[in-house]
Amino acid sequence: MDPDEWQEPVKTYPDLVQQALPGRILAAFDAIARKIAHLSCSKKERNFFRLALLAIIPQFSHAVATGGWLKWVEPKIDVEFLPEAFKGRLEIMLGDLLQVKLPRRADWQARQADARYLPDNDETYSAVITSPPYPNRHDYTRVFGVELMFDFLNREDTRKVRYQSIQSHPEAHPVRPETKEYRRPEKLKEVIEELNEVAKDIRIPTMIDGYFLDIYICLWEMMRVCKSGARIALVVGNAQYYGLPVLVDEIIAELGEQIGLACDKIVAVRYRGNSAQQMGKYGRNPSRESVVIFRKQ
Ligand SMILES: C[S@@+](CC[C@H](N)C(=O)[O-])C[C@H]1O[C@@H](n2cnc3c(N)ncnc32)[C@H](O)[C@@H]1O
């Protein structure tokens, strides 16, 4: 790693990446990424280095994820420390690997898919544990936009992922499989009617409605790929808009039962305070985060 080579990035990056990693910072990340791409080692080993490089982007970035949003900040470390930060991250990752003592021939697979169209065969799994997006307007393609567009996607592909994601933020408008049987739970109907009355941002009731339709489709898929007796656990968070609570866990429990899953329990695991702005307007009203546990009968 020769800092004299950090003059101009060779690749052209989308605006967000250029703004988040201005000047020599992007040139440095780009130079290291190119070095990694040309290492004479296995693809898995190269990916290990790529992951370490991605993991240190927030330390040098002018745009960092705080909660669900990108915040513009002045990075605390200078780009000259990039090699040291990279080495430090690799050491942490190697330490993790040594500590977990992974079995030599682990039997696992990772596959990339839209949760509404799982690529797996019917009745394959004995358990599912998942944390779907919460209907809190956080757009992961924006929160992780710098990393996504530094290494994986161009602007157009990022936009496609944004639109196709679960409708947990107002810009999503996904293409979904057809669902004839879906019935909106009463609790959902009520909250949507109320939101339609008070919402200043008219996209919010549409988003909430679409969110539960998405979760319903995901539940169908989870049920399809599970064996009878399998447990399905969803980690979810309740939301509130304009002072109106959206009981995500209870509505999801009802959706699961609608498709024939048994809801064993809802375990409350945490309460999150509302934003200072919401608190000023509607009072202190913490939202529950829970695990909704189903069983396939
Ligand atoms: C609450 S996060 C959980 C992430 C991860 N499971 C974890 O625990 O760190 C929700 C994730 O769902 C992803 N997501 C959004 N829409 C999706 C879809 N249609 N199919 C699959 N994943 C989706 C988001 O990009 C985000 O990474």
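The values are calculated or read from the model by the stated rules, or taken from the named source; none is laboratory data. Here the structure is a predicted model, which is why all the values come from computation and not from measurement. Cβ sites come from the backbone with ideal geometry, for glycine too, and all protein chains shown count toward neighbours. In case anyone asks, the SASA skips ligands and DNA or RNA and just uses the protein heavy atoms, side chains included. Shrake-Rupley method; radii C 1.70, N 1.55, O 1.52, S 1.80 Å.
Could you please report the charge total around residue 201, scoring K, R as +1 and D, E as -1 over all other residues with beta-carbon less than 13 angstrom from its beta-carbon? Walk me through the numbers before you get to the answer.
Working: positive: 137, 200, 203; negative: 171.
Overall, the nearby charge balance is +2.
Grab the DSSP H runs of the chain that are 4 residues or longer, score each as -39,500 (n - 2.57), total them, divide by all residues and round the 222 nm result to the nearest 500 deg cm²/dmol.
Working: 12 runs with 132 residues, N = 297.
So the helix-based figure for the chain works out to -13500 deg cm²/dmol.
Counting just the Cα atoms, what span does region 89-163 cover along each of its three principal axes? Round to the nearest Å and put the largest first.
40, 39, 24
For region 53-182, which semi-axes, largest first and in whole Å, follow from the square roots of 5 times the eigenvalues of its Cα gyration tensor? The partial results should precede the final answer.
Details: eigenvalues 199, 124, 30 Å².
Equivalent ellipsoid semi-axes, largest first: 32, 25, 12 Å.
Which residue, 210, 273, 68, has the most motion in a Gaussian network model of the chain that connects Cα atoms within less than 10 Å?
Result: 273 has the largest fluctuation of those listed.
Quick check on my link table: of 43/101; 11/76; 101/265; 189/281; 71/187, which ones sit more than 29 Å apart, alpha carbon to alpha carbon? Kindly include the intermediate steps, with their values, before the conclusion.
Values: 43/101 21 Å; 11/76 26 Å; 101/265 34 Å; 189/281 24 Å; 71/187 35 Å.
Check vs 29 Å cut-off fails for 101/265; 71/187.
Ordering 1, 93, 207 by how much accessible area each has at a 1.4 Å probe, largest first, what is the list?
Values: 1 115, 93 25, 207 0 Å².
In descending accessible area the options line up as 1, 93, 207.
Working out 0.36 nm times the residue gap between residue 187 and residue 109, then minus their Cα-Cα distance, what length gain in nm do you get to one decimal?
Numbers: separation 78, 0.36 × 78 = 28.08 nm, distance 3.81 nm.
Roughly 24.3 nm would be gained on extension.
Find the accessible area per residue for region 195-272; the probe is 1.4 Å, ligands and nucleic acids are left out, and the unit is Å².
Numbers: 3130 Å² over 78 residues.
About 40 Å² of surface per residue is accessible.
For the chain, what is the charge dipole size about the Cα centre, in debye to the nearest 20, if Lys and Arg each add +1 at the Cβ and Asp and Glu each add -1 at the Cβ?
On the way: 42 positive and 41 negative charges, 114 e Å.
Computed charge dipole of the chain: roughly 540 debye.
Could you tell me the relative contact order of the chain? Use alpha-carbon pairs under 8 Å, at least six residues apart, and round to a whole percent. Don't jump to the answer; show the numbers that get you there.
Details: 416 pairs, mean separation 46.8, N = 297.
This gives 16 percent for the chain.
So how do 129, 251 rank on accessible area, 1.4 Å probe, biggest first, that is with the largest at the start?
Values: 129 140, 251 5 Å².
Solvent-accessible surface, decreasing: 129, 251.
Give the separation of the Cα centroids, region 223-297 to region 99-169, in Å.
Spelled out, the Cα-based centre of one part sits 20 Å from the other.
Which shape class applies to region 3-100: rounded if a/c is under 1.5, otherwise prolate when a/b exceeds b/c and oblate if not, where a ≥ b ≥ c are the square roots of the Cα gyration tensor eigenvalues? Numbers along the way, then the final one.
On the way: a/c = 1.80, a/b = 1.26, b/c = 1.44.
Oblate shape, in that a/c is at least 1.5 and b/c is the bigger or equal ratio.
Taking 0.36 nm per residue of sequence separation and subtracting the Cα-Cα distance, how much length would be gained by fully extending the chain between residue 157 and residue 265, in nm to one decimal?
Numbers: separation 108, 0.36 × 108 = 38.88 nm, distance 3.87 nm.
Extra length available between residue 157 and residue 265 comes to 35.0 nm.
Work out which helices of the chain, taken as complete DSSP H runs, extend at least 15 Å along their axis over the Cα atoms and score a mean Kyte-Doolittle of -0.5 or more, then list them.
Working: long enough: 24-37 (19 Å, 0.91); 43-55 (18 Å, -0.25); 82-100 (27 Å, 0.49); 186-198 (18 Å, -0.64); 203-225 (33 Å, 0.66); 248-259 (17 Å, 0.45).
The qualifying helices are 24-37, 43-55, 82-100, 203-225, 248-259.
Round to the nearest 0.05 the FRET efficiency obtained for residue 91 and residue 130 when R0 = 41 Å and r is the Cβ-Cβ distance.
Numbers: r = 31 Å, r/R0 = 0.77.
It comes out at approximately 0.85.
For the chain, how big is the tail of P(r) above 23 Å, as a whole percent of Cα pairs? Walk me through the numbers before you get to the answer.
Working: 28354 of 43956 pairs.
Taking all Cα-Cα pairs of the chain, the fraction more than 23 Å apart is 65 percent.
Suppose accessible area is computed on protein heavy atoms with a 1.4 Å probe; arrange 151, 139, 15 from highest to lowest. It would help to have the intermediate numbers written out before the result.
Working: 151 45, 139 10, 15 80 Å².
Heavy-atom accessible area, descending, gives 15, 151, 139.
Could you compute the net charge surrounding residue 192? Neighbours are other residues with a C-beta less than 12 Å from the C-beta of residue 192; K and R count +1, D and E count -1. Don't jump to the answer; show the numbers that get you there.
On the way: positive: 184, 187, 189; negative: 186, 190, 193, 194, 197, 209.
Net of charged neighbours comes to -3.
Using alpha carbon coordinates only, what is the Rg to Rh ratio of region 131-198, with Rh defined as the Kirkwood radius?
Radius of gyration over Kirkwood radius for region 131-198 works out to 1.08.
Let me spell out the model: positive unit charges on the Cβ of Lys and Arg, negative unit charges on the Cβ of Asp and Glu, origin at the Cα centre of region 3-100. What dipole size does that give, in debye rounded to 20? Present the calculation step by step, with values, prior to reporting the outcome.
Details: 12 positive and 12 negative charges, 86 e Å.
Dipole about the Cα centre, nearest 20: 420 debye.
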